[in-house]
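The values are calculated or read from the model by the stated rules, or taken from the named source; none is laboratory data. Model, not experiment: these values are computed from the prediction. As a convention, Cβ positions derive from the backbone with ideal geometry for all residues, glycine included, and neighbour counts pool all protein chains shown. Accessible surface areas use protein heavy atoms only, side chains included; no ligands, DNA or RNA. Shrake-Rupley method; radii C 1.70, N 1.55, O 1.52, S 1.80 Å.
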4 protein chains.
Amino acid sequence: MSTYNTAFTSDNLAGVSPQVLEAMARCNEGQADPYGRDKCSRQAEKMLSDVFEKDVRVFFVSTGTAANCLSLSSITPPWGAVLCHHDGHINHDECGAPEFFNPGARVLTLDGVDSKIDPEALKWGVKHRVGDMHSSQPATVSLTQATESGSIYTLDEICRLGAITKNSGLRMHMDGARFANALVALNCSPADMTWKCGVDVLSFGATKNGTMSAEAIVVFDKTIAQEMSFRVKRSGQLGSKMRFMAAQMLGYLENDLWIQNARQANAMAALLKSGLEKLPEISVVGSPQANIIFCKIPKYCADRLLAQGFHFYHSKWEKDVVRFVTSFSTTEQDVQHFLSAIYEAVSYQKAV
Amino acid sequence: MSTYNTAFTSDNLAGVSPQVLEAMARCNEGQADPYGRDKCSRQAEKMLSDVFEKDVRVFFVSTGTAANCLSLSSITPPWGAVLCHHDGHINHDECGAPEFFNPGARVLTLDGVDSKIDPEALKWGVKHRVGDMHSSQPATVSLTQATESGSIYTLDEICRLGAITKNSGLRMHMDGARFANALVALNCSPADMTWKCGVDVLSFGATKNGTMSAEAIVVFDKTIAQEMSFRVKRSGQLGSKMRFMAAQMLGYLENDLWIQNARQANAMAALLKSGLEKLPEISVVGSPQANIIFCKIPKYCADRLLAQGFHFYHSKWEKDVVRFVTSFSTTEQDVQHFLSAIYEAVSYQKAV
Amino acid sequence: MSTYNTAFTSDNLAGVSPQVLEAMARCNEGQADPYGRDKCSRQAEKMLSDVFEKDVRVFFVSTGTAANCLSLSSITPPWGAVLCHHDGHINHDECGAPEFFNPGARVLTLDGVDSKIDPEALKWGVKHRVGDMHSSQPATVSLTQATESGSIYTLDEICRLGAITKNSGLRMHMDGARFANALVALNCSPADMTWKCGVDVLSFGATKNGTMSAEAIVVFDKTIAQEMSFRVKRSGQLGSKMRFMAAQMLGYLENDLWIQNARQANAMAALLKSGLEKLPEISVVGSPQANIIFCKIPKYCADRLLAQGFHFYHSKWEKDVVRFVTSFSTTEQDVQHFLSAIYEAVSYQKAV
Amino acid sequence: MSTYNTAFTSDNLAGVSPQVLEAMARCNEGQADPYGRDKCSRQAEKMLSDVFEKDVRVFFVSTGTAANCLSLSSITPPWGAVLCHHDGHINHDECGAPEFFNPGARVLTLDGVDSKIDPEALKWGVKHRVGDMHSSQPATVSLTQATESGSIYTLDEICRLGAITKNSGLRMHMDGARFANALVALNCSPADMTWKCGVDVLSFGATKNGTMSAEAIVVFDKTIAQEMSFRVKRSGQLGSKMRFMAAQMLGYLENDLWIQNARQANAMAALLKSGLEKLPEISVVGSPQANIIFCKIPKYCADRLLAQGFHFYHSKWEKDVVRFVTSFSTTEQDVQHFLSAIYEAVSYQKAV
């Protein structure tokens, strides 16, 4: 069994794309200026400017938590509210990091189907107690693309939320931990999915999709950029040998590796999903379009799979609901091997 | 000239030891649990326990700033004072990071020759307005080994400061950004230089001495360890693919690479120093024992070297004082090439 | 109309009890040590120890916000979660103050009828992702007595929540902005309502019930007390002429003024409530037992009352829901005058 | 002895001016809107606008710590440096409050005689590592008027520091804990001493000079004003019964009480100083011009005075240096009584 990827817990269990490792090795030549003043860093910033069809400023940080929290703190005053969906990663899984990076600011959650902010909820949120000094002030809207449940905002949906945000004088952040997975699913341009809809600052995730530990804060609104340098430094995110973070990004972007990787992850999720949908005992939850699938699965089936050495989250969010995540390193064989085991687990029980 | 390392600005201009890159590639096999629950991370923690002859807890973070500030915040209440030497990196070069990681705490500086805290100054500091609610309360002593000016605390000196610290009920942190350089200069054991003298938590620097971006918080006092997990996460330092940070540490520690690297850096500094001391026009400042040399050098000489493409800090701390730093990647040829240029620059002027 | 109190917006529109002003004038004699080291401050602490039948430590602060946030920060680590009811003042009306006083900590809300935390919800809350470093850790339970909607926890209810809290190793805070109103409604002892049920630290509100600007943090668990001094100072709450805050508290406690004041406020609310209940057009919401009444009232009626110069919150929480608050300074005449106007407003519309 | 004021420890040992108490009683009439929306608060703001010959925004807070830290946080980014004299209260006596109110910001101290910032030092400070992301960025200059050692900046001195500050794009704060004492000593207008020299925001101290617990943040640069409301609230400084803080300010300003009070305090310090200067055993330190005198006094003399029940700080700053502070409530009899005791203490020793 060891020849298969048997963990569907998260896409962060995958390793690193060989091309990324090679890019890192390539840049390990001689001396280079530290803290992002090197050639590779400039090149990576240039490359991201090309990708986004805009002259962007880029800050490499080591985690998505840092990318999100630095981005949010740069556009939210310390008495502000960050509006996000209730399922948002920044709401549930950051151990208070957004509040630590910006002491006094708060997260205010909104509803909406498929983990996507409902525009009507946002219209309420952007006006919530504005000017009332007893209440945190709506300042920022943060949306996750692809969402935490594997769904994807359409371009229209993003632009509509963007318009509500901008008309109210708020700023907009996108948590793009799985940016590439959403991009290839929508088959649109990075510009379309971001600044053209009003995104001011983006957490451009790369780690889950092939790099080692390189996330990029992509700043579309340059007024934010200067103070971001200081925010990055004082939060312990200014790496000295920054060239290696830039190199990861170069390896990731060159030859559209990031696009291919995301396509593979999404395709494997689609394959898995279509296999699951054949089983009446299993029902897919929500509208997975990227590389995450939530589904309801009988307990005996989940137990048997876990006992066989498969890994995935189960009953963490809701009883009998499991989460399967694929990555760029998931192969067709991995999925077929997993599906066979699922089929067997379902029929085994029937036999009993 | 391109075949020589010509920058003596800092040891962070060096790349990464090949063995470290290899260790990273080696661990890029299949899937691994994220956030430090993988095999490599456990192995690296075990290896550091062996190195320190103590069952330590280890947290990998991406920068020295993070290692220092997380360490300090774990042993300093938010109304506490961190006592350090005036030259301390945490005092001068962190853009307020210690205050950001622990809002309300302050740095209180002490004097002492060669960037080393004077014991008498420390005796005053640990008692400074204790119990007076109008004043930040002495809580923590932080010393840098090797120091920012290249000097080194002897074991006796560390233990004496440790005793003053502990007798006053304070805690002790060591900023070991250049830990290995100090260790090989003292030719002692890591245990001798740390917990045996009273160090509670150590920033174990590795990046400057051969890794890419892996620093370890080494916790000797285990009561600190549990809450450190939460501190690390909420500050954006919990890397998902932690195995690659652990792998860097493995490559760094295996076969005593870290010791060899530090010896090389120190030896090259010694070679450079002895070359400089032959010149009456140049006077070495302080007591360099590791891989940093401060010296007073005529302006015309510095200007000529800079014009030739050599790099180093000059007149940053004091007029006509320059800093030269060697690293594990500095070769004897690099130093000889630099010394030749220095000799030439000095005589050139004489000739004129 | 000017001879009546016509504002039922909040109990903080009332002035100060004459006895409190007198106590302040009385202590304005000669010199006194600052920062709480004076005779009056010691006397007030002693008096509160008598009131609570326990040797308590007391810290006077100028606002309820400060009392709540200092209390909470003293028993919640900066990655902790404060569990409170969704209606909690600390959740809705502090402009991020709990997060400002304790950067990184969060408020986690729970449900329950009548603004009271449901024990089953609390059982879930105290276990929520304990030990998971990606999530804020349950640390503190904060309950408001009397609640924000005018209901009151019974002693049994407090003790049950206290037991759940303590069995899980969490700490307990009581927001007693209207402590006296709850106390006289329950007709129990202050000890019964607090530390005997597990409360570790209490925001003992006095301003709404007769003082000028004196709230007391009453610390039952003395291990919190020492660091509280530093917390109070560094948050700008250590008043120099503290004797006048203590004097307010003395005037408030002497001759049971606080009990009488609360009885008056509650009685006036009861009178108002029984008058409202006679009108089929109006329905009281929830279970008011203290000095706050929420009720559903026809829009034409509210509009007419507002036009006549009466003041109260309307449609702030929910459409057509208004809030009436009485205070120690509300008289029977005030209530009758208001009821007459309400009756008139209701019949006026009928006539039309 | 009890009929005399015998404590010269600080001006905060005095009580409250009767006129202030009367103003508070006067405003205790009927109901009033909370949080500063009342008539008295508007009146006090208007009165301060008149005093400062400018349309200012005013925020009443309960302590000087809060006034200073809120002011500073409103004009300093969280990676900024506040430049102040080494003797500054915000540097020594706030238990980390400036860092708590603005997490990540730091205090950077400058030298200068008589506790006054030297213009040359300021010129260095405003340029210190500007643009270097490894260092806190010069953002704000804070000067104390009158200073902590009782000296006073001349108008020329303030304006010169103001010009350096403004030319460098920094903002300026004045800690006016003893504003009135400086004003009457200079015999100038409040406008001259503040915004005409470049002060953006002022901590207008009143507590030490006759009020109970009312300090005013006076905002000259209105761009700061809107966000100040939120800062005040979230830091627990938004008093509900704000009318009583406003009333204190009204009583303080009406009929120039504040001017008379400050004149009395200064005159008594001058009387004391001239008495001290007659004694060769005692030497006045620095250049006292307000109501604080530091002097060197023989230990036997200090001991004898303390034994007799006089109070003052001794050997706190420097061995054998004592501090005497007078207040508006200090009388000529108090000073003569103290001087007699000092003369006696000096001669007593001589006799022995």
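Can you pull out every residue in region A:237-268 that is away from chain B (no Cβ under 11 Å) and either at pLDDT below 95 or touching a strand residue (DSSP E or B) at 6+ places or on another chain (Cβ under 9 Å) (or both)? Listed by number, the residues that qualify are A:Ala246, A:Met249, A:Ala265.
Within region C:34-62, restricting attention to residues that are of a type in the set (Val, Ile, Thr) and either open to solvent by less than 10 Å² (accessible area, probe 1.4 Å) or not assigned by TED's automatic domain parsing to the domain that holds C:Leu202 (or both), the residue that is farthest from D:Leu238 (Cα to Cα) is C:Val56.
Just to be sure before I move on: is A:His128 within 13 Å of another protein chain (Cβ to nearest Cβ), surrounded by fewer than 24 Cβ atoms within 10 Å (Cβ to Cβ) and under 14 Å from A:Thr144 (Cβ atoms) in the structure I sent? Don't jump to the end; show me each part of the working.
Details: within 13 Å of another protein chain (Cβ to nearest Cβ): yes; surrounded by fewer than 24 Cβ atoms within 10 Å (Cβ to Cβ): yes; under 14 Å from A:Thr144 (Cβ atoms): no.
For A:His128, the condition - within 13 Å of another protein chain (Cβ to nearest Cβ), surrounded by fewer than 24 Cβ atoms within 10 Å (Cβ to Cβ) and under 14 Å from A:Thr144 (Cβ atoms) - is not met.
When region C:102-116 is limited to residues that are out of contact with any strand residue (DSSP E or B) (no Cβ under 8 Å at 6 or more places or on another chain) and more than 23 Å from C:His134 (Cα to Cα), the one that is surrounded by the most Cβ atoms within 10 Å (Cβ to Cβ) turns out to be C:Asp114. Of all residues in region A:168-179, none are open to solvent by 10 Å² or more (accessible area, probe 1.4 Å), in a helix (DSSP H, G or I) and modelled with pLDDT of 95 or more.
Looking at D:Glu99, D:Glu94, just one residue is touching a Gly at 6+ places or on another chain (Cβ under 8 Å), open to solvent by less than 20 Å² (accessible area, probe 1.4 Å) and modelled with pLDDT of 95 or more, and that residue is D:Glu99.
D:Asp87 passes every criterion in (1) more than 25 Å from B:Gly131 (Cα to Cα); (2) surrounded by fewer than 24 Cβ atoms within 10 Å (Cβ to Cβ); (3) modelled with pLDDT of 95 or more apart from (1). Taking first residues from region C:306-320 that are without any contact (Cβ under 8 Å) to a residue 12 or more places away in the chain and partners that are among the acidic types (Asp, Glu), no Cβ contact under 9 Å between residues at least 6 apart in sequence or on separate chains turns up. Within region C:187-203, the presence of at least one residue that is within 14 Å of chain D (Cβ to nearest Cβ) and farther than 14 Å from C:Glu53 by Cβ is confirmed.
Select from region A:293-341 the residues that are basic (Lys, Arg) and in contact with a Phe, Trp or Tyr (Cβ under 9 Å, 6 or more places away or on another chain) and list them in ascending order. Before the answer, list the steps.
The initial filter retains those residues of region A:293-341 that are basic (Lys, Arg), namely A:296, A:299, A:304, A:316, A:319, A:323.
Residues satisfying the conditions are A:Arg304, A:Arg323.
Taking the criterion of being within 23 Å of the chain's Cα centre (by Cα) and over 29 Å from D:Gln289 (Cβ atoms), would at least one residue in region D:104-125 satisfy it? Yes, some residue in region D:104-125 is within 23 Å of the chain's Cα centre (by Cα) and over 29 Å from D:Gln289 (Cβ atoms). Per the listing B:Gly205, B:Gly210, the residue uniquely under 17 Å from A:Gly236 (Cα atoms) and at pLDDT 95 or above is B:Gly205.
So if I check each of D:Ser315, D:Ser283, D:Ser229, D:Ser274, which one is under 30 Å from D:Thr76 (Cα atoms) and of a type in the set (Ser, Thr, Tyr)? Steps first, please.
On the way: D:Ser315 fails: under 30 Å from D:Thr76 (Cα atoms); D:Ser283 fails: under 30 Å from D:Thr76 (Cα atoms); D:Ser274 fails: under 30 Å from D:Thr76 (Cα atoms).
Of the residues listed, the single one that is under 30 Å from D:Thr76 (Cα atoms) and of a type in the set (Ser, Thr, Tyr) is D:Ser229.
Screening B:Arg234 with (1) within 14 Å of chain A (Cβ to nearest Cβ); (2) surrounded by fewer than 24 Cβ atoms within 10 Å (Cβ to Cβ) gives one miss only, at (2).
In the set A:Leu122, A:Leu143, A:Leu161, only one residue is assigned to a strand (DSSP E or B), at pLDDT 95 or above, farther than 24 Å from D:Phe100 by Cα and open to solvent by less than 10 Å² (accessible area, probe 1.4 Å); that residue is A:Leu143. I'm trying to understand the selection: among the residues of region C:63-80, which are out of contact with any helix residue (DSSP H, G or I) (no Cβ under 8 Å at 6 or more places or on another chain), closer than 22 Å to B:Arg234 by Cα and not hydroxyl-bearing (Ser, Thr, Tyr)? Once the filter is applied, which keeps residues that are out of contact with any helix residue (DSSP H, G or I) (no Cβ under 8 Å at 6 or more places or on another chain), closer than 22 Å to B:Arg234 by Cα and not hydroxyl-bearing (Ser, Thr, Tyr), region C:63-80 yields only C:Gly80.
If the condition is being touching a residue at least 24 places away in the same chain (Cβ under 8 Å) and among the small types (Gly, Ala, Ser), then region A:118-134 contributes only A:Gly125. Filtering region D:185-213 to residues that are among the aromatic types (Phe, Trp, Tyr) and open to solvent by 30 Å² or more (accessible area, probe 1.4 Å) leaves only D:Trp195. Taken together, the criteria exclude D:His92 from residues that are in contact with a strand residue (DSSP E or B) (Cβ under 9 Å, 6 or more places away or on another chain), in the same structural domain as D:Tyr153 (by TED's automatic domain parsing) and over 21 Å from D:Ala216 (Cα atoms). Checking C:Phe230, C:Phe244 one by one, the residue that is among the aromatic types (Phe, Trp, Tyr), assigned by TED's automatic domain parsing to the domain that holds C:Asn102, closer than 17 Å to C:Val61 by Cβ and in contact (Cβ under 8 Å) with a residue 40 or more places away in the chain is C:Phe244 and no other. Show me the helices (runs of 4 or more DSSP H) entirely contained within region B:180-264 in which 1 or more residues are among the hydroxyl-bearing types (Ser, Thr, Tyr). Once the helices (runs of 4 or more DSSP H) in region B:180-264 are filtered for at least 1 residues that are among the hydroxyl-bearing types (Ser, Thr, Tyr), what remains is B:225-234, B:243-253. Kindly indicate whether any position in region B:236-250 is in contact with a Leu (Cβ under 6 Å, 6 or more places away or on another chain) and among the aliphatic types (A, V, I, L, M). No, region B:236-250 has no match at all.
Screening A:Ala182, A:Ala216, A:Ala247 for residues that are open to solvent by less than 20 Å² (accessible area, probe 1.4 Å), among the small types (Gly, Ala, Ser) and touching a Lys or Arg at 6+ places or on another chain (Cβ under 9 Å) leaves exactly one candidate, A:Ala247. For region D:265-286, the candidate set comprises residues that are outside any loop (DSSP other than H, G, I, E, B) and not hydrophobic (A, V, I, L, M, F, W, C); within that set, the residue that is least open to solvent (accessible area, probe 1.4 Å) is D:Gly275.
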